[in-house]
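J.: If you scroll down you'll find the structure; I have some questions about it.
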Amino acid sequence: MTQRLTIAEQSRLLGAGEASSRELTQASLERIAQHDEALNAFIEVTPEHALAAADAADQQRKAGNGGVLTGIPMAHKDIFCTQGIRTTCASRMLENFVSPYDATVVERLALAGMVSVGKTNMDEFAMGSSNETSYFGPVKNPWDHAKSPGGSSGGSAAAVAAGLVAMATGTDTGGSVRQPAALCGITGFKPTYGRVSRYGIIAFASSLDQAGVLGLTAEDVALVTQVMAGFDERDSTSSPAEVPDYLATLEASVSGKTIGVPKEYFDAGLDPAYADVVNTALDVYRQMGAEIREVSLPNLSLAVPAYYVVCPAEASSNLSRFDGVRFGHRAEGITDLESLYTRSRTEGFGDEVKRRIMTGTYVLSAGYYDAYYLQAQKVRQLISDDLQRCFEQVDILAGPTTPTTAFGIGEKVDDPVQMYLNDIYTVSVNLAGLPGISVPCGMVDGLPAGLQLVGPHFSEASVLNFAHLYQKETDWHQRQPGQN
Amino acid sequence: MTLSRQDIEYIAHLARLEVSESDVPAYVDKLGRIIEFIDELGQADTADMVPMAHPLDMSQRLRADEVTESDERDRYQANAPETENGVYVVPRVVE
């Protein structure tokens, strides 16, 4: 496999005239053609669209109007609406859906000159942690094709890890950017809830959904987040807070800063070898002069159950829009309206999506609402308060992103609860709406492990700074599949 | 708590999903395991907690009541399974 190039490196080549966007885009399309049959990272590749955008980017650079991202090939998770290009959300329900408009994220990255080469595979409607729920088949982990790349942004993670593109967008409702980034050995960043517009992202759980970036380095992720972040009138929960210059503070010293390590992260469930590489990563920060302090998240064990009430409840409501009338799959040969809804939904949704809709419907139904939904919302507050209390003592939290490295395809599909428990370290971050990043921090038995860093609301600059400094001292993020 | 066959059928009806006879045991099992798992929430002491609906403390933004969208009916209806004269077609509901 050829050496992967970061966005920063590609940008330098373009700026120096050593490569054109057409060349970089063609190289990306060739790598996709070569490797994607095995990986299944893409649902759709759009070469014509990509090369036209690349030529426009080359013109723009020639005219002296290019920015740092102009002409760099990338991919969008197939949950982002793209005008004129199919947006399937990896579901039979939307197999033929062509969005009449672009998502804000798509619009902003196109405006910055980035070249989209296609749409990446994912768990159906982003519901899954292994990419196995996709209607278009599972994605393979580039490190070991028998393993899952994680999910739900598994196609984006596999595409970046395999060097098909330097960056891909993702969405993170319970860990769907950070978990696949960890399992594929790349960098995955979820900003604060409301930091990046949700407009044009097919809704899953609206109080948890946030767009994010999967890339090779924290620096690359910062470059892209800079463009994606910011107020959008079309998203009712978009934050009006000003977007700071993330690049300006990337190199700032963390000497004297404090890193909190929740002791509950190292309790039962965490692979001891994984714990070792995380502890080694913490030593790197100690050497930089940061202080490591133990903190506590006493309600951590309730985070996954609370998440798996709030999230399906919101999903069951959001997915009620799929009725076979205005868009999406419609069952044939139906003569009454009630059956049209039921048949279209039953045929259009896969098993895990149906399970989540059923769970959500149940926890919101008469007689169970207080015991489940209302109680989960109270536990959500409990968990959020625990995290806020930590940030009164420390600047940032650190720990493992996942309890184990990549698991086998097929290994957990039959037990939904085991699959859900894989999200133990990531879901609280969404429940509280905090920014979090996963960076590669070592290898366990030949598979990558991730270090998760979590900061207070709107502390993106600090989280990216911590991640970047770690990557200056280590080379785990440069390890790539197929090379040792 | 465990779920019965009747529970599964009732939830499926509310969700407008069909559960075939042969799928019922799998739903009783898997959904039952999920419900058992989320039952853990009952152990939490939340007596003084205010339910949290949203991660950020923000209020609903308002805007002037002005027309901001243009008529895009044809473009939007291009995704519809069946339309006629600009309306969505469904099976007859009133005889």
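J.: For residue A:399, what residues show an amide H to amide H distance below 5 Å, using hydrogens built from the backbone and excluding near sequence neighbours?
T.: A:452
J.: According to the Cα gyration tensor, what semi-axes, each the square root of 5 times an eigenvalue, does the equivalent ellipsoid of the stretch A:327-484 have, listed from largest to smallest in whole Å?
T.: 38, 24, 15
J.: Determine the principal axes of the Cα atoms in chain A, then give the extent along each, sorted from largest to smallest and rounded to whole angstroms.
T.: 64, 54, 44
J.: In nanometres, what is the gap between the two model label sites at residue B:57 and residue A:287, each 7 Å from Cα along Cα-to-Cβ?
T.: It works out to 4.1 nm between the two label points.
J.: Report the calculated FRET efficiency for residue A:368 and residue A:415 (r = Cβ-Cβ distance, R0 = 25 Å), to the nearest 0.05.
T.: The value I calculate is 0.60.
J.: In Å², nearest 100, what accessible area do chains B and A bury in total when the solvent probe is 1.4 Å?
T.: Working: alone 9650 and 17970 Å², together 22290 Å².
About 5300 Å² of accessible surface is lost on pairing.
J.: Calculate I(q)/I(0) for the stretch A:91-193 by the Debye formula, one identical point scatterer on each C-alpha and no solvent, and give its log10 at q = 0.10, 0.15, 0.16 Å⁻¹ to two decimals.
T.: For the requested q values the scattering log ratios are -0.26, -0.60, -0.68.
J.: Give me the distance in nm between label points sitting 7 Å out from Cα along the Cα-to-Cβ direction at residue A:60 and residue A:338, one decimal.
T.: In this crude spin-label approximation the distance works out to 5.4 nm.
J.: Then there's this: What percent of all Cα-Cα pairs in chain B falls into each 10 Å bin, going from 0 up to the bin containing the maximum distance?
T.: Percent of Cα pairs in each bin: 10, 19, 19, 27, 23, 3.
J.: Between residue A:3 and residue A:233, what is the FRET efficiency for a Förster distance of 51 Å, r being their Cβ-Cβ separation, to the nearest 0.05? All intermediate terms of the calculation are to be shown ahead of the outcome.
T.: On the way: r = 42 Å, r/R0 = 0.82.
Once rounded, the FRET efficiency stands at 0.75.
J.: Considering every Cα-Cα pair within the stretch A:318-364, what fraction, in whole percent, is farther apart than 16 Å?
T.: 37 percent
J.: Right, here's the next one. Please report, in whole Å, how far the alpha carbons of the stretch A:73-112 spread along each principal axis, starting with the longest.
T.: 32, 19, 13
J.: So what are the radius of gyration and Dmax for the Cα set of the stretch A:1-111, in Å?
T.: That works out to 14.9, 46 Å for Rg and Dmax.
J.: Put a dot 7 Å past each Cα toward the Cβ at residue A:98 and residue B:78; how far apart are the dots in nm?
T.: The modelled label-to-label distance comes out at 0.5 nm.
J.: Could you list log10 I(q)/I(0) for the stretch A:398-484 at q = 0.16, 0.17, 0.20, 0.24 Å⁻¹, which the Debye formula gives when each Cα is one point scatterer?
T.: Debye output, listed in q order: -0.75, -0.82, -1.02, -1.19.
J.: Let me ask something else about it. Contact order normalised by length for the stretch A:1-95, with contacts defined as Cα pairs under 8 Å and 6 or more residues apart; what percent is it?
T.: Values: 66 pairs, mean separation 28.3, N = 95.
In percent, rounded to a whole number, it is 30.
J.: From largest accessible area down, sort A:242, B:40, A:132, A:473; use a 1.4 Å probe on the protein chains.
T.: Numbers: A:242 165, B:40 65, A:132 35, A:473 125 Å².
Listed by decreasing accessible area, they come as A:242, A:473, B:40, A:132.
J.: Of A:325, A:256, A:126, which is farthest towards the positive pole of the protein assembly as shown's charge dipole, taken about the Cα centre with +1 and -1 on the beta-carbons of Lys, Arg and Asp, Glu respectively?
T.: Highest projection toward the positive end goes to A:256.
J.: Can you list the GluC sites (Glu not before Pro) in the stretch A:301-368 that are in a DSSP coil and have 11 or fewer other beta carbons within 10 angstrom? The partial results should precede the final answer.
T.: On the way: sites: A:314, A:332, A:338, A:347, A:352; in loops: A:332.
The qualifying sites are A:332.
J.: Please report the Cα spread of the stretch A:245-354 along all three principal axes, rounded to whole Å, starting with the longest.
T.: 71, 39, 23
J.: Sticking with this structure for a sec: So what is the calculated 222 nm ellipticity per residue for chain A, using -39500 (n - 2.57) for each DSSP H run with n of 4 or more, over all residues, to the nearest 500 deg cm²/dmol? List each step's numbers first, then the result.
T.: Details: 15 runs with 181 residues, N = 484.
One gets -11500 deg cm²/dmol as the mean residue ellipticity at 222 nm.
J.: What pairs in A:257/A:378; A:77/A:257; A:77/A:412; A:62/A:190 have C-alpha atoms more than 25 Å from each other? All intermediate terms of the calculation are to be shown ahead of the outcome.
T.: Values: A:257/A:378 32 Å; A:77/A:257 35 Å; A:77/A:412 23 Å; A:62/A:190 34 Å.
Beyond 25 Å between Cα atoms: A:257/A:378; A:77/A:257; A:62/A:190.
J.: For the stretch B:51-94, what ratio Rg/Rh do Cα atoms give with a Kirkwood hydrodynamic radius? If you can, show how the numbers build up before the last one.
T.: Working: Rg = 18.5 Å, Rh = 15.0 Å.
We get a ratio of 1.23 for the stretch B:51-94.
J.: Just reorder A:479, A:195 by solvent-accessible area, largest first, 1.4 Å probe, all chains present. Could you put the intermediate results ahead of the total?
T.: Values: A:479 95, A:195 5 Å².
My answer, sorted largest first, is A:479, A:195.
J.: Based on the inverse mean of 1/r over its pairs of different Cα atoms, what is the Kirkwood hydrodynamic radius of the stretch A:7-251, in Å?
T.: On the way: mean 1/r = 0.0575 Å⁻¹.
Averaging 1/r across every pair of different Cα atoms and inverting gives 17.4 Å.
J.: Further, regarding this structure: Averaged per residue, what accessible surface does the stretch A:7-251 expose to a 1.4 Å probe, in Å²? List each step's numbers first, then the result.
T.: Values: 7070 Å² over 245 residues.
With all protein chains present, the stretch A:7-251 gives 29 Å² per residue.
J.: Taking all protein chains as present, what is the carbon and sulfur share of the accessible area of chain A, in % to the nearest whole number, probe 1.4 Å? Provide the component values of the computation, followed by the final result.
T.: Details: 7400 of 15490 Å².
Roughly 48 percent, rounded to a whole number.
J.: Tell me the Kirkwood radius of the stretch A:29-168: reciprocal of the mean inverse pair distance over distinct alpha-carbon atoms, in Å. Mind dumping the intermediate values first?
T.: Details: mean 1/r = 0.0667 Å⁻¹.
One over the average 1/r among Cα pairs gives 15.0 Å for the stretch A:29-168.
J.: Run the numbers on the stretch B:5-26: which residues show a drop of 20 Å² or more in accessible area, chain on its own versus all protein chains together, using a 1.4 Å probe over heavy atoms?
T.: B:11, B:14, B:15, B:16, B:17, B:18
The values are calculated or read from the model by the stated rules, or taken from the named source; none is laboratory data. Owing to the predicted nature of the structure, the values given are computational and were not obtained by experimental measurement. As a convention, Cβ positions derive from the backbone with ideal geometry for all residues, glycine included, and neighbour counts pool all protein chains shown. Note: areas computed on protein heavy atoms with side chains; ligands, DNA, RNA excluded. Shrake-Rupley method; radii C 1.70, N 1.55, O 1.52, S 1.80 Å.
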